[in-house]
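Colleague: Take a look at the following structure, please.
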Amino acid sequence: MVRIAAADLRRVVAAIFNRAGSSTDEAQLVARRLVDANLVGHDSHGVVRIPSYMELVKTGGVKLNAHAKVVHDAPSLAVIDGQVGLGQVIGGEAMQIGIAKARKHGLAMIALRHSGHLGRIGDWTEMCAEAGLASIHFVNVVGAVSIVAPFGGTDARTSTNPVSAGMPRADGRHVIFDAATSKLAEGKVKVAFNKGAELPEGALLDNKGKPTRDPADLYTTPRGALTPMGEHKGYGLSVMCELLAGLVTGGGSHHPATVGKGSIRNNMLSFIFDPLPGGDAGWARADMQAFIDWITGSPPAEPGKPVLLPGDPERNTRTERLKGGVPLDDTTWANIVAAAVELGIDRAEVEAAAQKAA
C-alpha cells in the first residue's frame with residue numbers, strides 16, 4: 001500500500017491523459033474528478049479506472065476532447081449527446097446546462113445520452129447542491145458486458161445502474177445519496193481483486209450461480225454476477241434506471257444487441273430543481289434541521305460511531321485523506337505507473353509521487 005498526496009496524484013493523472021491526447025484543460029479536469037473520487041472514499045470510481053480508460057482511448061471506445069452537444073432544447077428540457085466523450089467532462093457540461101435552466105425556470109430535465117463513463121454520479125449531485133438545487137439522477141450502462149444478476153436469477157443480465165439524489169443545505173453539508181443498484185459497484189470488486197481481499201457475503205455469484213466471496217469470479221469466462229442491493233428493491237430500481245435513463249434519453253437499454261460493443265456508454269436522466277419553489281426558506285431550514293437532529297440523535301449501535309447522514313462519510317474521508325494522502329494498493333499503483341510508462345512518461349518521475357507521501 002502506498003499513500004500519495006492528492007496534488008501529486010492529480011499531477012500524475014493529468015500527465016497521463018495529456019500524453020494520451022487530452023487538452024491541458026481536459027486532462028486537469030479528469031484528474032481532479034478521478035482523484036476526488038478517491039478522496040471521498042469511492043476508490044471504485046477513482047484512479048483505478050485509468051488502465052481501462054486508456055484501453056478505451058486506444059480502441060476508440062471513448063473520444064478525447066469531445067463535448068456535450070444539445071440535440072433538443074426547450075425551456076425546462078435539454079436532450080444532450082455526449083458524443084462518447086470522457087464522462088468527467090460531459091457530465092459537468094450537462095449539469096451546467098441543467099443548473100442554468102433550473103435557476104431560470106425552477107425545474108430542468110436533462111436527458112444525457114452516449115456519454116463515456118460518467119464516474120462517480122455523486123459528483124453531479126454535489127454540483128447541483130453547490131448551486132443551491134436539489135436533484136435526482138438515474139443512470140444506465142450500454143456497451144459494457146452484463147455484470148449484475150436480476151433478483152431471482154443466476155447469471156448477469158444488467159449493469160450496476162446507479163441512482164443519486166441530493167438536497168442542498170445552507171452550511172454546505174449537503175445531503176447526498178449515491179449508490180449502485182447492485183450490492184457493490186463493479187469498481188469495488190476490482191479494488192478488492194487488486195488488494196487480494198474477499199467480498200462481503202451475498203454480493204457475488206460465480207459462473208454457476210453459486211454464492212462466492214472471491215472477486216476473481218466476476219472476471220472469469222463465463223463471468224460471475226453481482227447481486228442486486230436490497231434484493232427485489234434494488235432490482236426494481238435497476239429496472240427503472242434502464243427504462244428512464246435508457247429510453248427517455250434515447251441512448252438505449254442494456255440487452256444482447258447493445259452488449260460488448262467496444263465502448264462503455266452511460267445515459268443519465270437528471271431532474272434538477274429549486275428545493276423550495278415559492279416557499280419559506282427559514283421554515284425549510286428549521287424543519288430540515290429538526291429532522292436531521294431527530295434521526296442522527298438515535299443511540300449508536302457501536303459506541304463512538306454516531307448516526308451519519310448520506311454525504312457525511314464522504315466529507316469525513318476527504319478530511320482524512322487530504323491530510324494523510326490517498327491510499328492505493330500496490331497493484332492499482334503499479335497499473336497506473338505502467339499506463340504512464342507505456343505513454344512515454346518517465347517511470348522515476350511517476351514513482352516519485354508515491355515516495356513523497358509513502
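The values are calculated or read from the model by the stated rules, or taken from the named source; none is laboratory data. Note that this is a predicted model, so its numbers are computed, not measured. Every residue, glycine among them, receives a Cβ derived from its backbone with ideal geometry; neighbour counts consider all protein chains shown.
Colleague: Going residue by residue through segment 40-63, is there one that turns out to be among the acidic types (Asp, Glu), out of contact with any helix residue (DSSP H, G or I) (no Cβ under 6 Å at 6 or more places or on another chain), farther than 22 Å from Ala111 by Cβ and crowded, with 19+ Cβ neighbours inside 10 Å?
Modeller: Going residue by residue through segment 40-63, those that are among the acidic types (Asp, Glu) are 43, 55.
Subset that is out of contact with any helix residue (DSSP H, G or I) (no Cβ under 6 Å at 6 or more places or on another chain): 55.
Within this subset, residues satisfying the condition of being farther than 22 Å from Ala111 by Cβ are 55.
Keeping just the survivors that are crowded, with 19+ Cβ neighbours inside 10 Å gives none.
No; the residues of segment 40-63 include none that is among the acidic types (Asp, Glu), out of contact with any helix residue (DSSP H, G or I) (no Cβ under 6 Å at 6 or more places or on another chain), farther than 22 Å from Ala111 by Cβ and crowded, with 19+ Cβ neighbours inside 10 Å.
Colleague: Something else: Can you tell which of Leu308, Leu276 is at pLDDT below 95 and either in contact with a Cys (Cβ under 9 Å, 6 or more places away or on another chain) or under 20 Å from Ile176 (Cα atoms) (or both)?
Modeller: Step by step, each of Leu308, Leu276 is checked, and only Leu276 is at pLDDT below 95 and either in contact with a Cys (Cβ under 9 Å, 6 or more places away or on another chain) or under 20 Å from Ile176 (Cα atoms) (or both).
Colleague: Still on this structure, please answer the following. Determine whether Ile264 is of a type in the set (Val, Ile, Thr), modelled with pLDDT of 95 or more and either under 28 Å from the mean Cα position of the chain (by Cα) or not assigned by TED's automatic domain parsing to the domain that holds Gln96 (or both).
Modeller: no
Colleague: Step by step: first the residues of segment 248-261, then only those that are of a type in the set (S, T, N, Q) and closer than 24 Å to Val57 by Cα, then the one that is farthest from the chain's Cα centre (by Cα). Which residue is that?
Modeller: Thr258
Colleague: Another question about this same structure. How many residues are aromatic (Phe, Trp, Tyr) and either surrounded by fewer than 18 Cβ atoms within 10 Å (Cβ to Cβ) or on the phi > 0 side of the Ramachandran plot (or both) if we restrict to segment 272-285? Even if it seems obvious, please write down each step before you answer.
Modeller: Kept after step one, since they are aromatic (Phe, Trp, Tyr), are these residues of segment 272-285: 273, 283.
From what's left, either surrounded by fewer than 18 Cβ atoms within 10 Å (Cβ to Cβ) or on the phi > 0 side of the Ramachandran plot (or both): 283.
Adding up the residues that qualify gives 1.
Colleague: Okay, moving on. Name the one entry in Lys208, Lys233 that is at pLDDT 95 or above and part of a loop (DSSP other than H, G, I, E, B). It would help to see each step written out before you state the result.
Modeller: Values: Lys233 fails: part of a loop (DSSP other than H, G, I, E, B).
One residue alone meets the criteria, Lys208.
Colleague: Please work out if Asn161 is of a type outside the set (Gly, Ala, Ser) and part of a loop (DSSP other than H, G, I, E, B).
Modeller: On the way: of a type outside the set (Gly, Ala, Ser): yes; part of a loop (DSSP other than H, G, I, E, B): yes.
Judged against the criteria, Asn161 is a match.
Colleague: In segment 1-28, which residues are closer than 16 Å to Asp43 by Cα and crowded, with 21+ Cβ neighbours inside 10 Å?
Modeller: Passing the criteria: Ile4, Leu9, Arg10, Val13.
Colleague: Counting only residues that are within 16 Å of the chain's Cα centre (by Cα) and either within 18 Å of Leu247 (Cβ to Cβ) or surrounded by 23 or more Cβ atoms within 10 Å (Cβ to Cβ) (or both), how many does segment 85-101 have?
Modeller: Total satisfying the criteria: 9.
Colleague: Would you pick out the residues in segment 194-221 that are buried (at least 18 other Cβ atoms within 10 Å of the Cβ) and touching a residue at least 60 places away in the same chain (Cβ under 8 Å)?
Modeller: The answer is Asn194, Leu218.
Colleague: Among the residues of segment 336-345, which ones are over 20 Å from the mean Cα position of the chain (by Cα) and either in a helix (DSSP H, G or I) or assigned by TED's automatic domain parsing to the domain that holds Ile176 (or both)?
Modeller: Across segment 336-345, the qualifying residues are Val337, Ala338, Ala339, Ala340, Val341, Glu342.
Colleague: Give segment 346-358 a look and list any residue that's in a helix (DSSP H, G or I) and among the acidic types (Asp, Glu), or say none.
Modeller: Glu349, Glu351
Colleague: Would you mind telling me which numbered condition in (1) more than 19 Å from the chain's Cα centre (by Cα); (2) buried (at least 23 other Cβ atoms within 10 Å of the Cβ); (3) not basic (Lys, Arg) Gly132 fails?
Modeller: (2)
Colleague: From (1) farther than 26 Å from Ala348 by Cβ; (2) assigned by TED's automatic domain parsing to the domain that holds Val341; (3) in a loop (DSSP other than H, G, I, E, B); (4) not β-branched (Val, Ile, Thr), pick out the condition that doesn't hold for Ser44.
Modeller: Exception for Ser44: condition (3).
Colleague: Kindly evaluate Asp43 against the criterion of being farther than 24 Å from Asn267 by Cβ and among the acidic types (Asp, Glu).
Modeller: yes
Colleague: With the checklist (1) touching a helix residue (DSSP H, G or I) at 6+ places or on another chain (Cβ under 8 Å); (2) more than 20 Å from Lys190 (Cβ to Cβ) in hand, flag the one item Asp25 doesn't pass.
Modeller: The failed condition is (1).
Colleague: Please go through segment 167-186 and give me each residue that is in contact with a Gly (Cβ under 8 Å, 6 or more places away or on another chain) and either within 20 Å of Val326 (Cα to Cα) or small (Gly, Ala, Ser) (or both), ordered by number. Give the steps one after another, and end with the answer.
Modeller: Within segment 167-186, the first condition is being in contact with a Gly (Cβ under 8 Å, 6 or more places away or on another chain), and the residues that meet it are 168, 173-178, 181-183.
Correct list: Ser182 only.
Colleague: Tell me which residues, restricted to segment 292-335, are surrounded by 13 or more Cβ atoms within 10 Å (Cβ to Cβ), among the β-branched types (Val, Ile, Thr) and in a helix (DSSP H, G or I).
Modeller: Those that are surrounded by 13 or more Cβ atoms within 10 Å (Cβ to Cβ), among the β-branched types (Val, Ile, Thr) and in a helix (DSSP H, G or I): Ile292, Thr296, Thr317, Thr331, Thr332.
Colleague: Of the residues that make up segment 128-136, is at least one assigned to a strand (DSSP E or B) and not polar (S, T, N, Q)?
Modeller: yes
Colleague: Hey, any hits in segment 102-111 for a residue that's charged (D, E, K, R) and buried (at least 23 other Cβ atoms within 10 Å of the Cβ)?
Modeller: No: zero hits.
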